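Student: Quick one: this structure, given as structure tokens, is what I'll be asking you about.
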Amino acid sequence: MANAKFRKRLLTAFLALAFSAAGSPPFAEAGSVSELRKYLGKLTTLQAGRVSATAMEFLLKNEEEDITKAMAAIMAEAVRRDETEVQPEYKSDHEALKDVVSKDITAEMTLLYTAIIAADNNIFDSSVPRYRTPGEGQTIRFSEVYATRVGEWQNYALLYAITANNTQTSDATSVQTTIKALHDASLAARGYRQLLQSRHQTAIFMDQEISKLRTDIQRQIAVETWIAVNERQERADRQAAFDQAVSRGDSAQTAGKGY
């Protein structure tokens, strides 16, 4: 547009000079041949300028057409890329993940904590090993104490260790299916949104497994602790039983023949 205006102004200026020269006094009134020659020189110069302006106009017109064609080609390429590349990529980036994988561990954790609570409610008669001392005139039946302690330990092992271990073993087997599903969903994800969702559901699954792992470690520590407590109580009961057997013996001396 700017080039066209410039071209029109330049041509108008040349034409104005030409008309100005043509509107000069008639040759008869010029006064001399020299003046006529001056006018002729001016006309010749103006004619040359007009030819130059026409040539420039032609060149500018060609450049303007080239620019117009180039702009049209650029716009066509932009439209093509928008339709064939940008819009499909945008749609792909905003599509939701089709392979949604989730694992609800509420039921499994409920069973696990139920076993833990039941075991805690049926723990040994004392959480601290102690030396059993009978009262005055009393006797401790260590065989019954032993049977009670072993029964408590068996209940604890059954409720806390075996039941919980069975729950975790079953979970370890079923979780393989979830891991494979997460892997397949990750491979099938296309676009920004699907990749983000796939990564997040994998992260959620890992968080759940870490929480279960912490519970397993806590259970292991608890079992090892109560094994140590039971062993110390058994050693204490052995010593107490021996002490009671020796100290409660008949201390009265009789004649040998009375034996």
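Student: How do the peptides 72-83, 87-98, 180-191 rank, highest first, by the average count of neighbouring beta carbon atoms within 10 Å per residue?
Tutor: Descending packing order for the listed peptides: 180-191, 87-98, 72-83.
Student: Which shape class, rounded, prolate or oblate, goes with segment 151-238 when its Cα gyration tensor gives a ≥ b ≥ c as root eigenvalues, a/c under 1.5 marks rounded, and past that a/b bigger than b/c marks prolate? Before the final figure, lay out each step's value.
Tutor: Working: a/c = 6.57, a/b = 3.44, b/c = 1.91.
Verdict is prolate for segment 151-238.
Student: So what is Rg over Rh here for segment 78-230, counting just Cα atoms and using Kirkwood for Rh?
Tutor: Rg/Rh: 1.35.
Student: Along Cα→Cβ, 7 Å out, is where each label goes; now give me the distance between the ones at Arg132 and Phe242 in nm to one decimal.
Tutor: 1.7 nm
Student: So for segment 165-208, considering every pair of alpha-carbon atoms, how many percent are separated by more than 16 Å? The partial results should precede the final answer.
Tutor: Numbers: 410 of 946 pairs.
Counting pairs separated by more than 16 Å, the tail of P(r) holds 43 percent.
Student: Distance from a point 7 Å along Cα→Cβ of Glu95 to each backbone N in segment 159-203: keep the residues under 16 Å and list them by number.
Tutor: Within reach of a label on Glu95, which here means backbone N under 16 Å from a point 7 Å along Cα→Cβ, segment 159-203 contributes 185-198.
Student: How far, in nm, would the chain grow between Gln220 and Ile204 when pulled straight, counting 0.36 nm per residue and subtracting the alpha carbon separation?
Tutor: 3.3 nm
Student: So if R0 is 30 Å, what FRET efficiency would Ser211 and Tyr146 give, r being the distance between their Cβ atoms, rounded to the nearest 0.05?
Tutor: 0.15
Student: Another question, then. Near Asp104, within a Cβ-to-Cβ distance under 15 Å, what is the net charge of the other residues, with Lys and Arg +1 and Asp and Glu -1?
Tutor: -2
Student: Take Asn166 and Glu35, extend 7 Å from each Cα along the Cα→Cβ direction, and tell me the distance between the two endpoints in nm.
Tutor: If labels sit at Asn166 and Glu35, their model points lie 13.3 nm apart.
Student: Right, next: Let me cross-check Arg50: its accessible surface, 1.4 Å probe, with only protein heavy atoms counted, in Å² to the nearest 10?
Tutor: The accessible area of Arg50 comes to roughly 110 Å².
Student: Residue separation times 0.36 nm, minus the C-alpha to C-alpha distance between Glu231 and Glu65: what's the value?
Tutor: The span from Glu231 to Glu65 would gain 49.7 nm if fully extended.
The values are calculated or read from the model by the stated rules, or taken from the named source; none is laboratory data. Here the structure is a predicted model, which is why all the values come from computation and not from measurement. No Cβ is skipped: glycine too gets one built from the backbone with ideal geometry, and neighbour counts run over all protein chains shown. We work out accessible area using only protein heavy atoms, side chains counted, and drop any ligands, DNA or RNA first. Shrake-Rupley method; radii C 1.70, N 1.55, O 1.52, S 1.80 Å.
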